[in-house]
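Engineer: My questions will all concern the structure given below.
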Amino acid sequence: MKRIWLSRNRGDEEGRWVDLSAFNTPGVMRILDIVSISAAVLLILSGVWLYQGTIDFLDSLENMDNASEEQAQSLPNMIEGRWPWEAKLLFDTCEPLNGTWEMPEILHDQDGIFWYPGEVECIWEHNGIGDRSVIAIRNAATSNQDFTVNLSTNNDGNSIEEIGFGSTGNSLSVEANESGLISLVLNAEPQTDYVYATIESSIDSNVSIMLKIILSSGDQHGVHIEEGQRLDVHYRVFIYDTGQLLDEGDLFVTAGEDPMCETDAPWFCYIKGFGWGQVGLDCIDAASCRLDFLGSVTTNTVLLPPDLAYKNRDDRPEANNQWLQFELNLNRLYV
């Protein structure tokens, strides 16, 4: 029988091998066999335990995800897993926020609950200090809501001082399934490329939705139309989804809130988004603003969802429940 030899260094001072042949007995070999079998069994059991543990862990993760989704769906005040309010600039410059969703090819085909499938980012091409824009907020809930808008330079909530709020202030009440508007004014040249408008609701003060406003500097002008000013404006209106021109003409209007809506003759009231689309129109100076058809130097292109245009209005069948795009130019400023 061959001998089993172990030696750490064959050239050590002892100069001899360690003889293990004495361990080569039936009893010792049986013990070694039992140890080997036991080790194999332990390895197999460990593998089974590890496999089962992995399966249980993956199942727990899936259950957590499902539980989170079920919890989100079951939270009060939510509609189809999202909070029932959203916001955009009145301009036609809005896109999916950070590319997180795809813009529908036909906005008219939306389900009637929300304007867009998610939050948006919109470009405000401002024309100097004093320029104005308008935030539109939709209340998709079945109850009235009070909204508050806060501006910040980032998601951490650092406030921005270059942009303030116009005559509306930063809060408003909106009836169920309706929309409201908040105006912004540029107080100084902005020091950042974008700001966030964080919109909070009274129905759940612990959550908010975000509107990213990308600031782009255009031509600088001296006069910017404010809320409450009376002016003559030229307009063209299109169905946004088809590009069909519905109407074109000139109107004497009030920028911002239409005073006719507060009278006893609301049928003379223009659609809600039309007057607010005039806010921020520009002209070079006060003199040119008051010259017929010579004052306008910019065009406001606004995009109005149905509830800011002709929502469920049978007297406007072509525009009823359509997204409308208005091109607006200043003819003359009166006051």
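The values are calculated or read from the model by the stated rules, or taken from the named source; none is laboratory data. From a predicted model like this one, the values you see are computed outputs, not experimental measurements. Because the Cβ atoms are built from the backbone with ideal geometry, glycine has one as well, and the counts that use them run over all protein chains shown.
Engineer: Evaluate the following for residue 220: is it modelled with pLDDT under 90 and surrounded by 13 or more Cβ atoms within 10 Å (Cβ to Cβ)? Don't jump to the end; show me each part of the working.
Structural biologist: Values: modelled with pLDDT under 90: yes; surrounded by 13 or more Cβ atoms within 10 Å (Cβ to Cβ): yes.
Against the criterion (modelled with pLDDT under 90 and surrounded by 13 or more Cβ atoms within 10 Å (Cβ to Cβ)), residue 220 qualifies.
Engineer: So, one more: Identify, please: which residue in segment 179-203 is more than 19 Å from the chain's Cα centre (by Cα) and in a strand (DSSP E or B) and is, among those, nearest to residue 128 (Cα to Cα)?
Structural biologist: 186
Engineer: Residue by residue through segment 119-146, note down the ones that are in contact with a Gly (Cβ under 7 Å, 6 or more places away or on another chain) and buried (at least 20 other Cβ atoms within 10 Å of the Cβ). Lay out the reasoning, then the answer.
Structural biologist: Within segment 119-146, the first condition is being in contact with a Gly (Cβ under 7 Å, 6 or more places away or on another chain), and the residues that meet it are 125-127, 131-133, 137.
Listed by number, the residues that qualify are 126, 127, 131, 132, 133, 137.
Engineer: Within segment 148-166, which residues are under 13 Å from residue 211 (Cβ atoms), within 16 Å of the chain's Cα centre (by Cα) and not hydroxyl-bearing (Ser, Thr, Tyr)?
Structural biologist: Hits for segment 148-166 are 149, 150, 151, 155.
Engineer: Against the conditions (1) modelled with pLDDT of 90 or more; (2) loosely packed, with under 13 Cβ neighbours inside 10 Å, where does residue 178 fall short? Just the number, please.
Structural biologist: Of the numbered conditions (1) modelled with pLDDT of 90 or more; (2) loosely packed, with under 13 Cβ neighbours inside 10 Å, the odd one out for residue 178 is (2).
Engineer: Here's a follow-up. Please go through segment 80-98 and pick out each residue that is over 27 Å from residue 280 (Cβ atoms) and modelled with pLDDT of 90 or more. So that I can check it myself, show each step before the final result.
Structural biologist: Pass one, segment 80-98, residues over 27 Å from residue 280 (Cβ atoms): 80-84.
Once the filter is applied, which keeps residues that are over 27 Å from residue 280 (Cβ atoms) and modelled with pLDDT of 90 or more, segment 80-98 yields 82, 83, 84.
Engineer: Pull up segment 84-102, narrow it to residues that are out of contact with any strand residue (DSSP E or B) (no Cβ under 6 Å at 6 or more places or on another chain) and assigned to a loop (DSSP other than H, G, I, E, B), then point me to the one that is nearest to residue 303 (Cα to Cα).
Structural biologist: Among them, the one singled out is 102.
Engineer: Would you call residue 246 surrounded by fewer than 18 Cβ atoms within 10 Å (Cβ to Cβ), over 19 Å from residue 87 (Cβ atoms) and at pLDDT 80 or above?
Structural biologist: Numbers: surrounded by fewer than 18 Cβ atoms within 10 Å (Cβ to Cβ): yes; over 19 Å from residue 87 (Cβ atoms): yes; at pLDDT 80 or above: yes.
Yes: the conditions hold for residue 246.
Engineer: Has segment 148-165 got any residue that is touching a residue at least 60 places away in the same chain (Cβ under 8 Å) and among the polar types (S, T, N, Q)?
Structural biologist: Looking for residues that are touching a residue at least 60 places away in the same chain (Cβ under 8 Å) and among the polar types (S, T, N, Q), one finds none in segment 148-165, hence no.
Engineer: Here is a follow-up. So is residue 256 modelled with pLDDT of 80 or more, assigned to a loop (DSSP other than H, G, I, E, B) and surrounded by fewer than 18 Cβ atoms within 10 Å (Cβ to Cβ) or not? Full working, then the answer.
Structural biologist: Values: modelled with pLDDT of 80 or more: yes; assigned to a loop (DSSP other than H, G, I, E, B): yes; surrounded by fewer than 18 Cβ atoms within 10 Å (Cβ to Cβ): no.
When the stated conditions are applied, residue 256 does not pass them.
Engineer: Filter segment 225-248 down to the residues that are part of a strand (DSSP E or B) and either in the same structural domain as residue 191 (by TED's automatic domain parsing) or charged (D, E, K, R) (or both) and list them by number.
Structural biologist: 230, 232, 236, 247, 248
Engineer: When the residues of segment 71-100 are filtered to those that are over 28 Å from residue 328 (Cα atoms) and surrounded by 14 or more Cβ atoms within 10 Å (Cβ to Cβ), which remaining residue is farthest from the chain's Cα centre (by Cα)?
Structural biologist: Restricting attention to segment 71-100, the residues satisfying the condition of being over 28 Å from residue 328 (Cα atoms) are 71-84, 98-100.
Checking the rest, the ones that are also surrounded by 14 or more Cβ atoms within 10 Å (Cβ to Cβ) come to 77-79, 82-84.
Values: 77: 18, 78: 16, 79: 16, 82: 12, 83: 12, 84: 13 Å.
In this case the residue turns out to be 77.
Engineer: Looking at (1) without any contact (Cβ under 8 Å) to a residue 40 or more places away in the chain; (2) within 18 Å of residue 209 (Cβ to Cβ), which is the one condition that is false for residue 105?
Structural biologist: So the condition that residue 105 fails would be (2).
Engineer: Name the residue, out of 143, 133, that is part of a strand (DSSP E or B) and either within 30 Å of residue 80 (Cβ to Cβ) or aliphatic (A, V, I, L, M) (or both).
Structural biologist: The match here is 133.
Engineer: Further question on the same structure: In segment 147-166, how many residues are assigned to a loop (DSSP other than H, G, I, E, B) and loosely packed, with under 13 Cβ neighbours inside 10 Å? Write out each step before concluding.
Structural biologist: Step one: list which residues in segment 147-166 are assigned to a loop (DSSP other than H, G, I, E, B), which gives 153-158, 160-162, 166.
Among the residues that remain, those that are also loosely packed, with under 13 Cβ neighbours inside 10 Å are: 154-158, 161.
Selection size over segment 147-166: 6.
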